[in-house]
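The values are calculated or read from the model by the stated rules, or taken from the named source; none is laboratory data. Computed from a predicted model, the values in this text were never measured in an experiment. As a convention, Cβ positions derive from the backbone with ideal geometry for all residues, glycine included, and neighbour counts pool all protein chains shown.
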Amino acid sequence: MRIVHFTSSYPLFKNDVGGIFIEELVKFISKEHKIFVLTPDSPESKNLELYDNYEVHRFKYFIKKYQVLVCNDSIIQNLKKNPINFVLLFFLLIKAGISLYKLIKKEKIDIVHCHWAIPQGTIAVLLKKLFGLNFRIIITAHGSDIENKKRSFLAPIIKHTLRSCDVINTVSTHLANEIHMLDPGLNNINLIPMGTNKELFENTYSINTEIGKPNTYIFFAGRLSEDKAIDYLIKSFFEVQKDHSNLELWIAGKGNQEEKLKSLTINLGIKNKVRFLGNIEHNLLPSLYKNAEMFVSTSRKEGFGLVLVEALMSKCPVIALDVGGVSDIIINGKTGILIPQYEMKKLIKAINTILSDKELKSKLIMNGFNYVLENFTWEVVGKRFSQLYLSLN
């Protein structure tokens, strides 16, 4: 089958980590199907990349050096940073529709797999209706496209988009429930999560020497945005480190909260114990997970939580807030520890417990690893997507 993955999140260049889960999905399913990726261009991207059985097409929507809507942050965050970016958004939406239409006609596409209901899903639905095109539409909702907009003026557009596609795929039980609440009449909801690369994360032992010596550290990886509530993690670490003088907190990622977070570490007097690593190449992450005492997520919004899957596959114990789709991955007391939101004392207690209770830590590591192996590798997840495609043929 000939399938387009239509997305605004995809690695912009070699070793970029943004949207890498879509790239990995594409690589896996391209073994059985001809895949085209359609995604916005950026100043650092190539317009066309050709591989064995998939192609990456990046559409231009403005002067190249100003094509920044998908750089560093999400489109939403980039719009918040600078209102003039709304002009770029207008051109991006128009060029996305034109580019998708041309690709469908030229390559005789069978399925358009849209990542995010809006705008990708909406654009695909409009093209199909306006021009009578003969292709099937799958929309994978990842979280922000539903949770951030279900009470906004965009809600009617999202409902119409979801009603008009062939399959709505969600990445978590929580998100499926959110879609049911948005429109109880929908009956085409499917649940396939994102996966992880078993070979990359399973057998990693050595520390990355470019980052530094293997200190005792708590690890976090993700976008440094308000939703991730990393200030909450830093404040919790401040309390924990009082009794663990050699413990550090390592934070991988970039985002609009970075300077505020660095200032917080200075104000708390722990600047020398909190390391901001910046964006880390994906192939270097396994050793960081593997050598950490634990991975802690204080994110207050998670459609799924792929970093938790990666940590468990790396045999790193996980503590996370009980939000969104996290409970599909972390079963409290079995595959990790779940903490209610805003319960800092419980978070501090959980961190101290993993630091001191080696038997519990070992149990969480093995249970978490086996659970991910059974449910979240690309061998498992990719096959389910391939079967979904074939069911629409």
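Of the residues making up the range 35-89, those that are out of contact with any strand residue (DSSP E or B) (no Cβ under 8 Å at 6 or more places or on another chain), of a type in the set (A, V, I, L, M, F, W, C) and over 15 Å from PHE13 (Cα atoms) are PHE62, ILE63, ILE75, ILE76, LEU79, ILE84, PHE86, VAL87, LEU88, LEU89.
Inspect the range 51-66 for any residue being within 16 Å of PRO119 (Cβ to Cβ), in contact with a Pro (Cβ under 8 Å, 6 or more places away or on another chain), in contact (Cβ under 8 Å) with a residue 60 or more places away in the chain and not in a strand (DSSP E or B) and give the result as yes or no. Taking every residue of the range 51-66 in turn, none turns out to be within 16 Å of PRO119 (Cβ to Cβ), in contact with a Pro (Cβ under 8 Å, 6 or more places away or on another chain), in contact (Cβ under 8 Å) with a residue 60 or more places away in the chain and not in a strand (DSSP E or B). Put simply, of VAL274, VAL296 the only residue that is within 14 Å of GLY222 (Cα to Cα) and modelled with pLDDT of 95 or more is VAL296. Of ILE94, ILE137, all but one fail to be under 30 Å from ASN47 (Cα atoms), surrounded by fewer than 19 Cβ atoms within 10 Å (Cβ to Cβ), in contact (Cβ under 8 Å) with a residue 24 or more places away in the chain and not small (Gly, Ala, Ser); the exception is ILE94. Against the conditions (1) over 26 Å from ALA141 (Cβ atoms); (2) out of contact with any strand residue (DSSP E or B) (no Cβ under 9 Å at 6 or more places or on another chain); (3) buried (at least 21 other Cβ atoms within 10 Å of the Cβ), GLY324 satisfies every one except (1). For ASN370, the conditions (1) among the polar types (S, T, N, Q); (2) within 30 Å of ILE137 (Cβ to Cβ); (3) in a helix (DSSP H, G or I) are fulfilled apart from (2).
Return yes when GLU310 is more than 27 Å from ILE139 (Cβ to Cβ), assigned to a helix (DSSP H, G or I) and outside the structural domain of ARG136 (by TED's automatic domain parsing) and no when it is not. The answer is no for GLU310. The single residue among ILE266, ILE234 that is at pLDDT 95 or above, surrounded by fewer than 23 Cβ atoms within 10 Å (Cβ to Cβ), touching a Ser or Thr at 6+ places or on another chain (Cβ under 7 Å) and over 27 Å from THR170 (Cα atoms) turns out to be ILE234.
Taking the range 144-186 as the range and being closer than 23 Å to LYS129 by Cα, at pLDDT below 95 and not in a helix (DSSP H, G or I) as the test, the residues that pass are PHE153, LEU154, ASP183, GLY185, LEU186. List every residue pair whose Cβ atoms lie under 6 Å apart, where the two residues are 6 or more positions apart in sequence or sit on different chains, the first residue falls within the range 354-370 and is farther than 11 Å from GLU293 by Cβ, and the second residue, located anywhere, is of a type in the set (D, E, K, R) and surrounded by 17 or more Cβ atoms within 10 Å (Cβ to Cβ). Matching pairs, first to second residue: ILE365/LYS315; PHE369/LYS315. Of the residues that make up the range 301-312, is at least one among the small types (Gly, Ala, Ser), surrounded by fewer than 24 Cβ atoms within 10 Å (Cβ to Cβ) and on the phi > 0 side of the Ramachandran plot? There is no residue in the range 301-312 that is among the small types (Gly, Ala, Ser), surrounded by fewer than 24 Cβ atoms within 10 Å (Cβ to Cβ) and on the phi > 0 side of the Ramachandran plot. The set of residues from the range 18-42 being aliphatic (A, V, I, L, M) and buried (at least 21 other Cβ atoms within 10 Å of the Cβ) comprises ILE22, LEU25, VAL26, ILE29, ILE35, VAL37, LEU38. When GLU293, GLU258 are checked against the criterion of being among the acidic types (Asp, Glu) and closer than 30 Å to TRP378 by Cα, GLU293 stands alone in meeting it. For the criterion of being touching a residue at least 40 places away in the same chain (Cβ under 8 Å), part of a loop (DSSP other than H, G, I, E, B) and of a type in the set (Gly, Ala, Ser), GLY303 passes.
From the list ILE109, ILE123, the lone residue that is part of a loop (DSSP other than H, G, I, E, B), among the aliphatic types (A, V, I, L, M) and either surrounded by 15 or more Cβ atoms within 10 Å (Cβ to Cβ) or out of contact with any Asp or Glu (no Cβ under 7 Å at 6 or more places or on another chain) (or both) is ILE109.
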